[in-house]
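This report refers to the structure that appears directly beneath it.
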Amino acid sequence: MTTATTPGQGPLTGVRVVELAGIGPGPFAAMLLADLGADVVRVDRPGGPGLGIDPAHDVTNRNKRSVLVDLKAPEGPARVLDLAARADLLIEGYRPGVAERLGVGPEACHARNPRLVYGRMTGWGQDGPLAPRAGHDIDYIAVTGTLGMIGRPGQPPALPANLLGDYAGGALYLVVGVLAALHHARVSGAGQVVDAAIVDGTSHLAAMIHGAVAAGFWQDRRGVNLLDGGCPYYGTYETADGGHMAVGALEPRFYHRFLTLLGIPEHADARLDRARWEDLRVAVADRFRSRTRDEWTALFEGTDACVAPVLSLREAPHHPHLAARGTFTDHGGLTQPAPAPRFSTTPTTVRTGPALPGADTAAVARDWDVPALTRGQDTGGRE
């Protein structure tokens, strides 16, 4: 199906997505599809799920619409199947077997819509010994070896929030998977199930590192390699005011420019001599502690030394480069990352704020021609 796009709506305009409400990577994946222009209908259940965040501030629900359906009520599954019958994609993040028990698993959905792409987002995957077990981002990245790569030697691994597993290894792989399957469905007429497991995606992210280990270029321990903090000219350093600067001066010309501006050009020949790396690290650290973060930022600004200030989440939107690009945007009083990536012909935007549970039931029922959605439902007043 070819659908004309509307400026500001994105390249997925006309694609219909059903999101069975959950937390973490599933909602983020659905947000990304919504940012790209898809009509994402989030099926919220009365009273949950949530992590106690005010729904009005949950930006992962922006650009979506919400309906309320109690899947445990007698009529609940039929209402979801009515939506699935009219959708291109469906995303769920339950443990294996739960969607089937609720009556909205792949078999039931494909019986209504053989072209449907059914995306499943889990930590352990749909099969394997741990598939039915509970877990969180930290558990999934732990067994893949990626968590063990991060941090200083002799110290516990450092936690990368839940960005590496939930969002990079999980949500982004789910989006790639369902869009690839959507292309196949439109060519062949056949839908399919996409099994997006965080353990698979996070392992896949480390493909280059596995190759480097096999080649003997990367040691299988943290904090001793080129890109994991072991290298003194690829890391972070504290400044006089307690701030930090990030250094990525890997190539020779960038490295020499970095040392010159830092004021220690006498260490130039230590670049490839690992025996001298610790002395170099001490010299670099001492220099950075002599000035504030803002002073170093001003010194390195506009140079090819590959040095940048480490900013907080609240500071980031005000960085001159990010501000100039509009990397962050304000919508409804919420400062948030703007949709990414960018498209020359079908630009994206934040069209609506976070969908409030059930607020769009009547509109979705009308637009998707599912009148049963509104029977006995509270529309939440957004109509």
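If only residues of region 9-35 that are in a loop (DSSP other than H, G, I, E, B) and within 14 Å of the chain's Cα centre (by Cα) are counted, the one that is surrounded by the most Cβ atoms within 10 Å (Cβ to Cβ) is Gly24.
Restricting attention to region 194-214, the residues that are part of a helix (DSSP H, G or I) and either aliphatic (A, V, I, L, M) or touching a Pro at 6+ places or on another chain (Cβ under 6 Å) (or both) add up to 9.
Kindly provide the set of residues from region 271-312 that are touching a strand residue (DSSP E or B) at 6+ places or on another chain (Cβ under 9 Å), over 15 Å from Leu261 (Cβ atoms) and hydrophobic (A, V, I, L, M, F, W, C), ordered by number. Listed by number, the residues that qualify are Ala285, Val310.
Mind listing just one residue for me: the one in region 190-220 that is within 22 Å of Val117 (Cβ to Cβ) and among the β-branched types (Val, Ile, Thr) and, of those, surrounded by the fewest Cβ atoms within 10 Å (Cβ to Cβ)? This residue is Val193. Gly37 passes every criterion in (1) at pLDDT below 95; (2) under 19 Å from Ala338 (Cα atoms); (3) in the same structural domain as Pro341 (by TED's automatic domain parsing) apart from (1). For Ala305, the conditions (1) more than 30 Å from Arg79 (Cβ to Cβ); (2) among the hydrophobic types (A, V, I, L, M, F, W, C); (3) without any contact (Cβ under 8 Å) to a residue 24 or more places away in the chain; (4) in contact with a helix residue (DSSP H, G or I) (Cβ under 6 Å, 6 or more places away or on another chain) all hold with the exception of (3). One residue is enough: does region 159-171 have a residue meeting the conditions at pLDDT 95 or above, in contact with a Pro (Cβ under 9 Å, 6 or more places away or on another chain) and part of a loop (DSSP other than H, G, I, E, B)? Yes, the conditions are met somewhere in region 159-171. Within region 336-356, identify whether any single residue is part of a loop (DSSP other than H, G, I, E, B), modelled with pLDDT of 95 or more and not assigned by TED's automatic domain parsing to the domain that holds Ala78, and answer yes or no. No, that holds for no residue.
Of all the listed residues (Gly148, Gly135), the sole one being part of a helix (DSSP H, G or I) and not hydrophobic (A, V, I, L, M, F, W, C) is Gly148.
Within region 49-89, being outside any helix (DSSP H, G or I) and either touching a Phe, Trp or Tyr at 6+ places or on another chain (Cβ under 8 Å) or among the hydrophobic types (A, V, I, L, M, F, W, C) (or both) holds for Leu51, Ile53, Val67, Leu68, Val69, Leu71, Ala73, Ala85, Arg86, Ala87, Leu89.
Okay, residues lined up against (1) under 15 Å from Tyr234 (Cα atoms); (2) modelled with pLDDT under 95:
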| residue | (1), (2) |
| --- | --- |
| Pro252 | yes, no |
| Leu259 | yes, no |
| Gly263 | no, no |
| Leu272 | yes, yes |
| Leu280 | yes, no |
| Arg287 | no, no |
| Arg291 | no, no |
| Glu295 | no, no |
| Thr303 | no, no |
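Looking across region 113-138, the residues that are among the hydrophobic types (A, V, I, L, M, F, W, C) and surrounded by 15 or more Cβ atoms within 10 Å (Cβ to Cβ) come down to Leu116, Val117, Met121, Trp124, Leu130, Ala131, Ile138.
The values are calculated or read from the model by the stated rules, or taken from the named source; none is laboratory data. Remember, predicted model here, so these are calculated numbers, not experimental data. Cβ sites come from the backbone with ideal geometry, for glycine too, and all protein chains shown count toward neighbours.
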